[in-house]
Amino acid sequence: MEKNKRLANGIEMPRLGLGVWRVEEVDATNSVRWAIENDYHLIDTASVYKNEKGVGEGIRQSGVEREKLFVTTKLWNADQGYDSTHQAFNESLERLGLDYVDLYLIHWPVAGKFSDSWRAMEEIYESGRAKAIGVSNFQQHHIEELMNAAKIKPMVNQIELHPTLTQVDLRTYLASEGIAVEAWSPLGQGKILQNPTLVEIGKSHKKSAAQVIIRWHLQSDIIVIPKSVHEERIKENINVFDFELSAEEMEKINRLNINERLGADPDNFDF
């Protein structure tokens, strides 16, 4: 399996990376450094995580050339709007200590604001300070509304996605539009790691349930960013390129779907 996915604009995005949601600043530095030392190239943060400085520090401590990394951050809801998007992006870059990010996302579809935010993001993209732009938590109708005025189609949609929330209809739509799918909470926030089906499949491959889930994402053409602050777990999570799930195993995992959201509903959130 190719370790990168080519986005609609030709940029290569790693299929597997490190997420740092709910990770403290100091822990983010260590996690990012460990991840890069263990051959991760994709790092995903957001302004609302309050750890962009820590992520930037981890990147610097790793000593790896910036060009070899793919860094994502996100525009928070309170910063949406045309002028405020430009300002928020500049502040994120400053906290990260970077000249550019590889991917900038609108974090949630704030009604009445995301189209203005997108206009600013298109300008940021055209300036070269974001190599790709996209959205997060957008449903099909949000993307269709965005495209009414947009010049550039989102290249990525990062959504809650795991074996108990497989979002097949949305994924099918995104594939038809050439928009890459990226999963947040890909391990179901740990709630499904004891699932007998996943444990059993793992045993047959001498892998953990977490590794099975990550492999399921990869074989489903989903970019995946499992979070960990433990060095051993970070190593384990990327050790998934040496086995393959059968079509039968993939179908067993697909059948675990119960449309269970662990995060907010993109059509009904108040933050």
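The values are calculated or read from the model by the stated rules, or taken from the named source; none is laboratory data. Since the structure is predicted, the reported quantities are computational estimates derived from the model, not experimental observations. Here the Cβ positions follow ideal geometry from the backbone for every residue, glycine too, while neighbour counts run over all protein chains shown. For the accessible areas, the whole protein counts, side chains as well, though only heavy atoms, and no ligand, DNA or RNA atoms are used. Shrake-Rupley method; radii C 1.70, N 1.55, O 1.52, S 1.80 Å.
Restricting attention to the range 171-198, the residues being surrounded by 15 or more Cβ atoms within 10 Å (Cβ to Cβ) and over 21 Å from residue 11 (Cβ atoms) number 11. Filtering the range 100-117 down to residues that are hydroxyl-bearing (Ser, Thr, Tyr) and open to solvent by 10 Å² or more (accessible area, probe 1.4 Å), which residue is farthest from residue 79 (Cα to Cα)? The qualifying residue farthest from residue 79 (Cα to Cα) is 100. Within the range 125-141, the set of residues being open to solvent by 10 Å² or more (accessible area, probe 1.4 Å) and either touching a Lys or Arg at 6+ places or on another chain (Cβ under 6 Å) or not small (Gly, Ala, Ser) (or both) comprises 125, 126, 129, 131, 139, 140, 141.
The test for being open to solvent by less than 10 Å² (accessible area, probe 1.4 Å) and closer than 25 Å to residue 185 by Cβ does not hold for residue 120. Taking (1) in a loop (DSSP other than H, G, I, E, B); (2) surrounded by fewer than 17 Cβ atoms within 10 Å (Cβ to Cβ) in turn, residue 91 satisfies each apart from (1).
What do you reckon, is residue 53 under 15 Å from the mean Cα position of the chain (by Cα) and either β-branched (Val, Ile, Thr) or not in a loop (DSSP other than H, G, I, E, B) (or both)? Considered against the rule, which asks whether it is under 15 Å from the mean Cα position of the chain (by Cα) and either β-branched (Val, Ile, Thr) or not in a loop (DSSP other than H, G, I, E, B) (or both), residue 53 comes out as no. Cβ separations smaller than 9 Å between residues 6+ apart or across chains give the following pairs from the range 122-142 residues that are under 21 Å from residue 181 (Cβ atoms) to residues that are among the charged types (D, E, K, R) and open to solvent by less than 60 Å² (accessible area, probe 1.4 Å): 130/102; 131/102; 132/102; 133/122; 134/182; 136/74; 136/182; 137/160. Within the range 63-85, residues that are over 22 Å from residue 123 (Cα atoms) and among the β-branched types (Val, Ile, Thr) reach partners that are open to solvent by less than 50 Å² (accessible area, probe 1.4 Å) and outside any loop (DSSP other than H, G, I, E, B) with beta carbons closer than 9 Å, at six or more positions or on different chains, in the pairs 64/36.
Restricting attention to the range 225-271, the residues that are open to solvent by 90 Å² or more (accessible area, probe 1.4 Å) and under 25 Å from residue 39 (Cβ atoms) total 6. In the set 32, 48, 71, only one residue is among the aliphatic types (A, V, I, L, M), touching a strand residue (DSSP E or B) at 6+ places or on another chain (Cβ under 9 Å), open to solvent by less than 20 Å² (accessible area, probe 1.4 Å) and assigned to a helix (DSSP H, G or I); that residue is 32. The set of residues in the range 143-158 that are in contact (Cβ under 8 Å) with a residue 40 or more places away in the chain and either crowded, with 21+ Cβ neighbours inside 10 Å or touching a Ser or Thr at 6+ places or on another chain (Cβ under 7 Å) (or both) comprises 155, 156, 158.
Screening residue 26 against (1) open to solvent by less than 20 Å² (accessible area, probe 1.4 Å); (2) without any contact (Cβ under 8 Å) to a residue 40 or more places away in the chain; (3) farther than 27 Å from residue 241 by Cα; (4) hydrophobic (A, V, I, L, M, F, W, C) leaves a single unmet condition, (1). The residues listed here are 218, 256; of these, the one that is under 20 Å from residue 196 (Cα atoms) and not charged (D, E, K, R) is 256. Note down all Cβ pairs under 9 Å where the first residue falls in the range 227-246 and is over 21 Å from residue 23 (Cβ atoms), the second is open to solvent by 80 Å² or more (accessible area, probe 1.4 Å), and they're at least six residues apart or on different chains. Listed pairs, sorted by first residue: 241/1; 241/3; 243/206; 244/1.
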